[in-house]
Amino acid sequence: MHTREIEPVYVWDRIVRATHWAIAGSILLLAVTGIYLGHPSLTAPGPAHEHFVTGWAKTLHFYSAIVFTLGVLSRVVWMFLGPRRSGWRNFVPVSRRRWRDLRQTLKFYMLINKAPPTTIGHNPLAGLSYVAVFGMYFVMILTGFALYSISAHSYMHMWSFLLPVFHGAQWARWIHHVFMWGILCFFVAHMFFASLTSRNEKNGTIDSIFSGYKFLPKGQPPDDE
């Protein structure tokens, strides 16, 4: 990076950045309200109907779930309709170069290699891990819809067919809870590895999710070639 001429490269378009922050923000709200709904800990003086503490937590949880669902679905659709750098090939390694870089990236995270391979978008290991993360997202969405259908009196009741799929409300709630902690663990790992890569490559990886630009060697070939 230091011996080659570098240039700003527009990597993350507005749709990618918007869905990223919509998903991240909604996950934090869903985690906080979800933990509270599982273990209500606030005691309000006077009649409960005058404060509606748990009710407000459930309402916030529901609307955060809408934002989360729309963000996930929009990002998945954009993998197929968006530009090349936002496409599904940056998640699933389909080229020889991506498979080679996947091994080199793994060696970097295991502290065997001093530096990871240079990539424009997600490195191959990160991209592949996001496939599993999006799988967890969909499990969270489906179990959430199944649980909400129990008390729903409107169109959301149509999702009640999912309850037998997850062997009832109790199993759906348990799966929902476990996968929430799995996503939070990924969130911590994501922050650590993004900071590690950004510090090592000095290419603006962290800043790029705000601006959309990374600083890469001039003439860097596409990741999926």
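Every read-out reported here was derived from the displayed coordinates using simple, explicitly stated rules and does not represent laboratory data. The shown structure was predicted, so the numbers you read here are calculated from the model rather than taken from an experiment. Ideal geometry is used to build each Cβ from the backbone, glycine not excepted, and the neighbour counts take in all protein chains shown.
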Inset, instruction - For the chain, please report how many Lys pairs fall under 27 Å Cα to Cα, leaving out neighbours fewer than 8 apart on the same chain. - result: 8
Inset, instruction - Arrange 39, 61 by Cβ neighbour counts within 10 Å, fewest through most, would you? - result: 39, 61
Legend entry - Diffusion constant of the stretch 78-225 at 20 °C, which comes from Stokes-Einstein with the Kirkwood Cα-pair radius and 1.002 mPa s, µm²/s: 122
Inset, instruction - Note the full-extension length gain between residue 94 and residue 154 as 0.36 nm times their separation in residues minus their Cα-Cα distance, in nm to one decimal. - result: 17.2 nm
Inset, instruction - Determine the shape class of the stretch 1-145: with a ≥ b ≥ c the square roots of the Cα gyration tensor eigenvalues, call it rounded for a/c under 1.5, and otherwise prolate if a/b is greater than b/c, oblate otherwise. - result: prolate
Inset, instruction - At 24 Å minimum axial length over the Cα atoms and a Kyte-Doolittle cut of -0.5, report the qualifying DSSP H helices in the chain, or say none. - result: 14-38, 53-81, 124-151, 169-201
Legend entry - Inter-site label distance for residue 109 and residue 141 at 7 Å from Cα along Cβ, in nm: 2.4
Inset, instruction - Report the residue, chosen from 129, 64, 154, that carries the largest GNM mean-square fluctuation when the chain is represented by alpha-carbon nodes joined by springs under 10 Å. - result: 154
Inset, instruction - Could you tell me the convex hull volume per residue, in Å³, taken over the Cα atoms of the stretch 98-165? - result: 122
Inset, instruction - State the extension gain, in nm to one decimal, for the chain segment bounded by residue 187 and residue 41, taking 0.36 nm per residue of separation less the distance between their alpha-carbons. - result: 50.0 nm
Inset, instruction - Using a Förster distance of 35 angstrom, determine the FRET efficiency expected from the C-beta separation of residue 134 and residue 170, and round it to 0.05. - result: 0.85
Inset, instruction - Return the loop-located trypsin sites (Lys or Arg not before Pro) in the stretch 112-201 (DSSP other than H, G, I, E, B) with at most 10 other Cβ atoms within 10 Å of their own Cβ; answer none if there are none. - result: 114
Legend entry - Amide hydrogen neighbours beyond the local backbone of residue 166, cut-off 5 Å, H modeled: none
Legend entry - Charge sum, other residues only, whose C-beta stays under 12 Å from residue 15's C-beta, Lys/Arg counted +1 and Asp/Glu -1: +3
